[in-house]
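In what follows, a single structure is set out as structure tokens and then discussed.
Each value in this text was obtained by applying a stated rule to the coordinates, not by laboratory testing. Just so it is clear, the model here is predicted, and its values are computed rather than measured. Every residue, glycine among them, receives a Cβ derived from its backbone with ideal geometry; neighbour counts consider all protein chains shown.
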Amino acid sequence: SPLARRPLPPMGDALAPDDALAAVSEVASTLSSCYGPLPKEKLLVSAARRVLITSSGAAILSSLVSAHPLARLVIDCASAHVQHVGDGGCAFVLLLHALLLEVSKVLTPLPPTRRWQQQAVMARALRALESDVLPRMLVPRWRAQALRTDADDAAELERAAQCLIATSLGSCFGAAVA
């Protein structure tokens, strides 16, 4: 399996962002063609030789097998997200991949001591985003909008969701999100 190519880091060594990026890249490359308005189908063959042709990110995620612990963690988290929300597994993986690419761009040119300092700063910022910004800023707005939006009108629901996401994220990050 292409997901099992990278060896595990030695025990006790810190995990480098490049290791995380490599593991997530493998999963993202598998799912990227299945995302968007015209997803491509994948032919999946199980160990029991059962064949499935699908473009469903959830089905592909549940079929992926990886020996790499980070890839397995990403697959498990994306699958848990799909079980909890009902959709968004591909988006979860692709956003994580984009985030790690940007982190790598920032950290790569730095000397090792600065790289460790920046990693700590980024880890604290992501933790604050997860524990403070998202629950405090977005969730209340989403709940309020859900109470005001007619669930029977799909076009209105989509317009309201796009507007809510753009204004919520724009106010959190100080810029309009298109």
>> Assuming 0.36 nm per residue, please report the length gained on full extension of the stretch GLU156 to ALA67 beyond their Cα-Cα distance.
In response: 27.6 nm
>> About the Cα centre, and with charges only on the beta carbon of Lys, Arg (+1) and Asp, Glu (-1), how big is the dipole of the stretch 15-60? Nearest 20 debye, please.
In response: 360
> How far, in nm, would the chain grow between THR113 and ALA80 when pulled straight, counting 0.36 nm per residue and subtracting the alpha carbon separation?
Replying inline: 8.3 nm
> What is the extension gain from SER131 to LEU44, computed as 0.36 nm multiplied by their sequence separation minus the C-alpha to C-alpha distance, in nm to one decimal?
Replying inline: 27.6 nm
>> Whole-Hz ³J(HN,Hα) for each residue in the stretch 28-40, computed from phi via Karplus 6.51 cos²θ - 1.76 cosθ + 1.60 with θ = phi - 60°, x for glycine and proline: what do you get?
In response: 4, 5, 5, 8, 4, 6, 9, 10, x, x, 10, x, 8
